[in-house]
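The values are calculated or read from the model by the stated rules, or taken from the named source; none is laboratory data. None of these values were measured; they are calculated from a predicted model. Note: ideal-geometry Cβ built from the backbone for every residue, glycine included; neighbour counts use all protein chains shown. All accessible areas refer to the heavy atoms of the entire protein, side chains included, with ligands and DNA or RNA removed. Shrake-Rupley method; radii C 1.70, N 1.55, O 1.52, S 1.80 Å.
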Amino acid sequence: MTPNIQIIYEKEDVIDLNRTLNIVHFNDVYNIEQSDQEPVGGAARFLTALENIILKGPTLVLFSGDALSPSSISMLVEGRQMIEILNKFHIDCACLGNHDFDFGLDVLMTHIENSNFPWLISNAFDAYTKKPLANVKDKHIIEKDGLKVGLIGLNCDIVIALTHMRWVNDTILAENVPEIDLFLGGHDHDYVVKQINEKWIIKSGTDFRELSVIELDLSEKFRGVNKIEKYIIDSKIEENLEIKSIIDSYLENVNKELDQTLGQMNVELEGRFSYVRTQETNLGNFITDIMLEAVNAECAFLNSGALRSDLVHPIGEFKMRDLKKILPYLDENVVISVTGNQLLQALENGVSKYPKHEGRFLQVSGIRFAFDPLKPPGNRIDPRLVKVQDEILDLEKKYNLATIFYLKQGKEGFDCLIDCPVLIDEENIPVLCTLVENHFKTVNCLKKNPALKKFRSSIVPLVVVNRLMQKINQEHSTALAPTQKLSFSGDTMIVTKVLSRLERQISRETEDYKKKISEFEKESIKLAPKVEGRIIRIQSTEHFEQLLDEFGAIY
Ligand SMILES: [Zn+2]
């Protein structure tokens, strides 16, 4: 059976067909099982194609990152399945992609240790030690068939940049670093090959559906690329039986994995549609607080239609099965910049169908608002009765909003979000169910072994940390000795930079700060989210007047 191969490029003056080296390149693989549509892909067929190429002669296998997340199996086993599979792939070198960090640094480090090939990254550092991430190299040299191949490293016969970034950045690299001979990229999922300054940049598709074979001309050391072929992994390619049995065992184990306990809830979680789609619920607060905690934003909202369980989740063991019932899809997160006015329009849309049980009804974090269901849709919220981080909404001001990509696309009537600038895109935040999983892991960490906390993102939202620091700095501004301020005079840029770091450091060391942060952590560890008056339904004119007073509205 001949595999489906497209020749992308072929050099005319090949000197010696016997003196070549093949590179197999692939990137961005998420699902080890095949899909329903051609090309079906799947790791089992992919390995068959790969091993047939290796049989032809000396071959380097290079992977450009994104493997550990997101997928429905990854979510259950934190990406372990992918390492087991990739270890069979004869990989010479891989580079880390953004999604490989999704389950936290501690999980990633374990995966790297268990890999039988080196992982590279040259632009990510441990925030604590400032060193490159443990066990990750920033360059690597491979000797293959008498040829020294440098991956990012120099002084070799051929230098290959193994990257995981957007096309624009690969292009900048190719235009500015003539020492690099070949660029093998990822992150973008379309199969595209381009030539810039006579150097090839290749991105090899996604999800085990495509791979590239790049034949190098070695007739005089390295003399460029002879040929580039695109292999399409369709159902005509036989499955590798060993890989197939690994995949089958993961699929069979799904049930067992769903039984793992994530944490002990101390309250019932209200997930019934009649509640989440008409009012504030503790489940909605729990999930949106986690969205806010994961990113740098002032507020977060989620359409209640994303909460799928339609159940009350009992006190006690909260299992992966419960999480999958609540969030069965891989909901992608974004942070966008909204004006106060756009935020108001979005909140209006959320309550526009009330009291129908519509999925557009929003669950919120960092936001408090009141709505009057007797008013016409689109006019149910008085902006004086909207607060963001405890301050009255300013219609002109810009706010950082965490939400899901689905709503940013304008779904469910959220047209007002379509044109909002994206501050953090969906590629750079783990999917929502993974954020929730990570939250439980951090809670368990804080409970059992606080020393491991440094590998996990904070449970306290950055907006809370920053506000606390600002407050402490205002109160303690006189505590800074004037000499400390003066000693940095000279360059204003440096003065502000150093001072703000110093101020952060000083405020972090105050008892007040430590106390507030530890109170916040203690509250989160309890796993007892509550309804706390974030969404208020206006009952009467008196109620409205009373709320105006309570919100401190000027009128
Ligand atoms: Zn990526």
*Got a number for the accessible area of Met469? Probe 1.4 Å, square angstrom, nearest 10.*
10
*Using a cut-off of 17 Å between alpha-carbon atoms, which lysines can reach Lys530, once sequence neighbours fewer than 8 places away in the same chain are excluded?*
Lys522
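Ordering Ile228, Ile424 from largest to smallest accessible area (1.4 angstrom probe), what's the sequence?
Numbers: Ile228 0, Ile424 50 Å².
Descending order: Ile424, Ile228.
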_Dipole-positive endmost among Asn285, Ile32, Ile517 within the chain (Cβ charges, Cα centre)_ = Ile517
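Any idea what the relative contact order of the chain is, in percent, if you count C-alpha pairs under 8 Å spaced at least 6 apart? Can you show the working numbers first?
Details: 1115 pairs, mean separation 81.8, N = 555.
For the chain, the relative contact order is 15 percent.
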*Which value in nm describes the separation of the simple spin-label points at His357 and Thr339, placed 7 Å from the Cα toward the beta carbon?*
3.8
_Sparse-neighbourhood loop sites, trypsin sites (Lys or Arg not before Pro) in the range 31-129 - DSSP loop, at most 11 other Cβ within 10 angstrom_ = Lys56
*Quick one: order Val531, Val364 from most to least accessible surface, probe 1.4 Å.*
Val531, Val364
*Can you give the charge dipole size of the chain about its Cα centre, rounded to the nearest 20 debye, using +1 on the beta carbon of Lys and Arg and -1 on the beta carbon of Asp and Glu?*
1440
*Considering only protein heavy atoms, what is the solvent-accessible area of His90 at a probe of 1.4 Å, reported in Å² to the nearest 10?*
90
*Could you tell me the accessible area of Arg19 in Å² (1.4 Å probe, neighbours in place), rounded to the nearest ten?*
120
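Considering only DSSP beta bridges where both residues belong to the chain, give the percentage that are antiparallel (nearest 5).
Numbers: 55 of 80 bridges.
Taking every DSSP beta bridge within the chain, about 70 percent pair in antiparallel fashion.
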*Would you pull out the residues with amide H under 5 Å of Leu423's amide H, same chain only if 5 or more places away, H placed 1.01 Å from N?*
Val335, Ile336, Ser337
*Local electrostatic count at Ile472 - Lys and Arg +1, Asp and Glu -1, tallied over other residues with Cβ under 13 Å*: +2
*Kindly identify the chain as rounded, prolate or oblate by the Cα gyration tensor criterion: order the square roots of the eigenvalues as a ≥ b ≥ c, call it rounded if a/c is under 1.5, otherwise compare a/b with b/c, prolate if a/b is larger, else oblate.*
prolate
_Nonlocal amide H pairs with Asn226, under 5 Å, H built at 1.01 Å_ = Glu215, Leu216, Asp217
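Please give the contour-minus-distance gain from Lys88 to Ile392: 0.36 nm per residue of separation, less the Cα-Cα distance, rounded to one decimal in nm. Don't jump to the answer; show the numbers that get you there.
Values: separation 304, 0.36 × 304 = 109.44 nm, distance 5.73 nm.
Full extension of this stretch gives 103.7 nm more.
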*Just grab the label-to-label distance for Ala553 and Ile141, each label 7 Å out from Cα along the Cβ direction, in nm (one decimal).*
7.1
*When the Karplus curve 6.51 cos²θ - 1.76 cosθ + 1.60 is applied with θ = phi - 60°, which whole-Hz ³J(HN,Hα) does each residue of the range 65-72 get, with x for Gly and Pro?*
x, 6, 9, 7, 6, x, 6, 5
*May I ask you to rank Arg384, Arg360 by accessible area, largest first, using a 1.4 Å probe over the protein chains only?*
Arg384, Arg360
*Which far-off residues, 5 or more places away or on another chain, put their amide H under 5 Å from the one on Leu60, with H placed in the peptide plane?*
Asn22, Ile23, Val24
*Cα gyration tensor of the range 1-143, axes a ≥ b ≥ c as square roots of the eigenvalues: rounded (a/c below 1.5), prolate (a/b > b/c) or oblate?*
oblate
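FRET efficiency for Asn428 and Glu532, Cβ-Cβ distance as r, R0 = 35 Å, nearest 0.05? Intermediate results must be reported in sequence, preceding the final value.
Numbers: r = 30 Å, r/R0 = 0.86.
So the FRET efficiency works out to roughly 0.70.
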*Any chance you could give the angle, 0 to 90 degrees and rounded to 10, that helix 511-525 forms with the longest Cα principal axis of the chain?*
80
*asked:* On C-alpha positions alone, give me the angle between the axis of helix 541-551 and the longest principal axis of the chain, in degrees, nearest 10.
replied: 60
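So, with +1 on the Cβ of K and R and -1 on the Cβ of D and E, and no other charges, what is the size of the charge dipole of the range 1-147 about its Cα centre, to the nearest 20 debye? Please list the in-between numbers first.
Values: 11 positive and 21 negative charges, 72 e Å.
Charge dipole, the range 1-147, about its Cα centre: 340 debye, nearest 20.
Can you work out the FRET efficiency for the pair Arg272 and Leu374, with r the C-beta to C-beta distance and R0 = 25 Å, to the nearest 0.05?
Working: r = 25 Å, r/R0 = 0.99.
After rounding to 0.05, the efficiency reads 0.50.
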*Could you tell me the distance between the Cα centroids of the range 11-26 and the range 84-102, to the nearest Å?*
25
